Amino acid sequence: MAEINVSAESRDLTMVERIGVHSHIHGLGLNSSLEPRAVSEGMVGQTKARKAAGIILQMIKEGKIAGRAVLIAGQAGTGKTAIAIGMAKSLGLETPFAMVAGSELFSLEISKTEALKQAFRKAIGVRIKEEVDIIEGEVVDVQIDRPEVSGAASKTGKLTLKTTEMERVYDMGVKMTGSLRKEKVRRGDVIAIDKDIGMITKLGRSFTSARDYDAMGPQTKFVQCPEGELQKRKEVVRCVTLHEIDVINSSMRGFLALFTGDTGQVPSEVRESVDEKVIEWRDGGKADVVPGVLFIDDVHMLDIECFSFLDCVLENEMAPILVIATDRGITTVRGTDYESPHGIPVELLDRLLIITTQPYTEDEISKIIEIRCQEEDVEVSEEAKLLLTKMGANISLRYSISLITPAALACQKRKGTIVEVRDVHRVYTLFLDVKRSTQFLMECESQYMFNEAGDDGDTRRKPTQ
């Protein structure tokens, strides 16, 4: 393979925003001195764990560590995954962050070691520097010609750009008009157009449009109108991961394989060629290698072969930071008959920096409930919020948070606007928690097939001799 191809289009993905379990997390909630704030960026409590994660984060940003591993250990529902996502948000888009569940490795069509290799290479970024022709200016006018008959012809148009010294009109084709509509470019925006690939980047609003500030909102960024020539040669930095380069060069479909997810097995020859080329770019000053973060949740689900592979990969010079999480105590290492703390072999545990999380206090649970109500856009009365807090403390935080949206729907059904205690009580009676479900099973065990509970009510599976 003589030439390594890197496609910028692999990053042109449309993000779909939904309210998820951790969508309220925007960072670790630390100040400039890496001291955790009580409530910040969606994070509540866990001050020691967040401070430890912040120190790791700072070392990653400064490029002082690579090939290290961190274990986040704690009970279920104590914010382990939230801390990992907070690290990812704090790192930003420039630093790769890959996330995988331990059980996921055993459900893929490829081998588990191949899945781990791909996950590791997703967490290693390459910043490629190159000089490109850029058209940069302030938008004076945008004209898009629409066909008179639907489907009769493709949309074309004209784009007028200016700098402080010149103004020019450009003819646009189908791809360019589509890019303009996608970026919502309008008069007064300052944009940059990559001539090679036709990618449009909105730099901000021109200061001449400052009078429209109230209409634009406080998040609007204002920039100066560009000076000099419209077309200029600039050095740009493109960020891709090693896995993206692997897929582009191993699949006949190139970067399109990234969209389908059908990457398949990547030949070792391709990876070796990619590594040689990247090292050549790095030594020649054309690229920088950025070790990112690989987060493996429920790491106790891995077996001894995976742990042995992780132990070896961490010794590689381009290895990313490995962050793993588990809620297990002393348990059997999968694939062996030996017990070990957290279900992780002792030789790998010896490499780990261990961060522990503690159960939330009732005050912290109350603040988390309040943040989730804001995130899900649900207005809750103080009495209902207190009831949800008590549930979070006595039953589980996850169960309490799960009742917020159902309670809001129950409130809508009775044509209310604020969730009251009766709405929470209604969904509490409809949806069982683990304790009530277990109690129900014990009371009705004779009515279920293949019941294995003993006479003493122990529902644990008996070992097979």
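The values are calculated or read from the model by the stated rules, or taken from the named source; none is laboratory data. No experiment lies behind these values; they were computed from the predicted model shown. Neighbour counts are summed over all protein chains in view; Cβ atoms, including those assigned to glycine, are modelled from backbone coordinates with ideal geometry. Areas reflect the complete protein model, heavy atoms only, side chains present, ligands, DNA and RNA absent. Shrake-Rupley method; radii C 1.70, N 1.55, O 1.52, S 1.80 Å.
Which residue out of Asp423, Asp433 is touching a residue at least 24 places away in the same chain (Cβ under 8 Å), over 22 Å from His22 (Cα atoms) and surrounded by 14 or more Cβ atoms within 10 Å (Cβ to Cβ)? First the steps, then the outcome.
Values: Asp433 fails: over 22 Å from His22 (Cα atoms).
Answer to the check: Asp423.
Yes/no matrix, rows are residues, columns are (1) surrounded by 18 or more Cβ atoms within 10 Å (Cβ to Cβ); (2) hydroxyl-bearing (Ser, Thr, Tyr); (3) modelled with pLDDT of 85 or more:
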{"position": "Ile191", "(1), (2), (3)": "yes, no, yes"}
{"position": "Phe207", "(1), (2), (3)": "no, no, no"}
{"position": "Tyr213", "(1), (2), (3)": "no, yes, no"}
{"position": "Gly217", "(1), (2), (3)": "no, no, no"}
{"position": "Ser250", "(1), (2), (3)": "yes, yes, no"}
{"position": "Pro291", "(1), (2), (3)": "yes, no, no"}
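Can you name the residue in region 334-366 that is closer than 16 Å to Ala73 by Cα and aliphatic (A, V, I, L, M) and is also surrounded by the fewest Cβ atoms within 10 Å (Cβ to Cβ) among such residues? Working first, answer last.
At the first step, the residues of region 334-366 found to be closer than 16 Å to Ala73 by Cα are 340-346, 348-360.
Next, only the ones that are aliphatic (A, V, I, L, M) stay: 344, 346, 348-349, 352-355.
Numbers: Ile344: 23, Val346: 10, Leu348: 22, Leu349: 15, Leu352: 18, Leu353: 14, Ile354: 13, Ile355: 23.
Residue satisfying both the conditions and the ranking: Val346.
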Quiz item: From Ala325, Ala384, which residue is in contact with an Asp or Glu (Cβ under 6 Å, 6 or more places away or on another chain), in contact (Cβ under 8 Å) with a residue 40 or more places away in the chain and more than 30 Å from Val419 (Cα to Cα)?
Solution: Ala325
Self-check item: Residue, modelled with the lowest pLDDT, within region 146-157, restricted to residues that are under 38 Å from the mean Cα position of the chain (by Cα) and not small (Gly, Ala, Ser)
Solution: Lys155
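In this structure, is Thr201 outside any strand (DSSP E or B), surrounded by 13 or more Cβ atoms within 10 Å (Cβ to Cβ), modelled with pLDDT under 85 and among the β-branched types (Val, Ile, Thr)? Write out each step before concluding.
Working: outside any strand (DSSP E or B): no; surrounded by 13 or more Cβ atoms within 10 Å (Cβ to Cβ): yes; modelled with pLDDT under 85: yes; among the β-branched types (Val, Ile, Thr): yes.
Judged against the criteria, Thr201 is not a match.
Rundown of residues vs (1) modelled with pLDDT under 85; (2) surrounded by 20 or more Cβ atoms within 10 Å (Cβ to Cβ), yes/no style:
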position	(1), (2)
Ile245	no, yes
Thr260	yes, no
Gln265	yes, no
Ser273	no, no
Gly285	yes, no
Cys312	no, no
Ala325	no, yes
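State which residue is most open to solvent (accessible area, probe 1.4 Å) when the search covers only region 107-141 and only residues that are among the acidic types (Asp, Glu), in contact with a strand residue (DSSP E or B) (Cβ under 8 Å, 6 or more places away or on another chain) and over 16 Å from Thr201 (Cβ atoms). Outline the logic, then answer.
Looking only at region 107-141, we keep the residues that are among the acidic types (Asp, Glu), and these are 109, 114, 130-131, 133, 136, 138, 141.
When the remaining residues are screened for being in contact with a strand residue (DSSP E or B) (Cβ under 8 Å, 6 or more places away or on another chain), the result is 130-131, 133, 136, 138, 141.
From what's left, over 16 Å from Thr201 (Cβ atoms): 131, 141.
Values: Glu131: 114, Asp141: 40 Å².
Per the stated criteria, the residue is Glu131.
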Quiz item: Out of region 75-106, which residues are of a type outside the set (A, V, I, L, M, F, W, C), on the phi < 0 side of the Ramachandran plot and surrounded by 20 or more Cβ atoms within 10 Å (Cβ to Cβ)?
Solution: Thr78, Lys80, Gly86, Ser90, Thr95, Pro96, Gly102
